[in-house]
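Structure first, commentary second.
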Amino acid sequence: MKKNLLSLAAAALLSLAGLAHAEGGEHERGRNVAPLPKHQQECSSCHVAYPPGLLPAASWQRIMGHLNKHFGTDASLDDATTREIGAWLKANAGTGRRGSEEPPQDRISKANWFVRQHDEVASSTWKRASVGSAANCSACHADAAKGDFNEHKVRIPK
């Protein structure tokens with residue numbers, strides 16, 4: 001009896017792990033890649049250096065190709081840095097059901113998976129001075145800079 005329960009528990013855990021991967025688990029969205037120091041340095045000077053798996057390669061290519069008009073800001077970099085960061089983003093871009101979606105205007109916060117994950121957040125919350133917008137992951141996800149968006153660690157500021 002005890003052996004059957006252990007086998008059943010092991011099978012359930014394996015099934016859940018498979019489901020997490022199929023649904024866009026941590027690895028699929030590229031959160032488990034080694035950080036690129038230049039990406040961290042350049043991108044986090046203005047916002048969280050988003051993990052590359054949150055967008056597909058085509059979105060990253062467009063973003064890196066238009067840094068002079070980066071969501072209303074000139075975020076231009078020298079050519080070598082642009083190529084290095086762009087190649088790293090492309091190599092580690094999202095795949096699978098979630099990661100391959102090209103959201104409107106290449107905005108992570110407009111991706112269907114993002115909208116579903118945040119559907120319980122009132123629109124007024126995004127407008128709070130302490131939050132600013134849906135793109136400010138760090139406001140609610142303290143470990144966003146580390147690529148950790150665990151929903152059990154979310155703290156929505158007042």
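All of the numbers you see were taken from the coordinates with simple rules; none came from a lab. Computed from a predicted model, the values in this text were never measured in an experiment. Note that each Cβ is placed from the backbone with ideal geometry, even for glycine, and that neighbours are counted across all protein chains shown.
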Filter result for Ile63 (farther than 18 Å from Cys137 by Cα, touching a His at 6+ places or on another chain (Cβ under 6 Å) and either surrounded by 18 or more Cβ atoms within 10 Å (Cβ to Cβ) or not β-branched (Val, Ile, Thr) (or both)): no
Residue list for region 103-156, filter: among the acidic types (Asp, Glu) and free of Cβ contacts under 8 Å to residues at least 60 places away in the same chain: Asp106, Asp119, Glu120, Asp143, Glu151
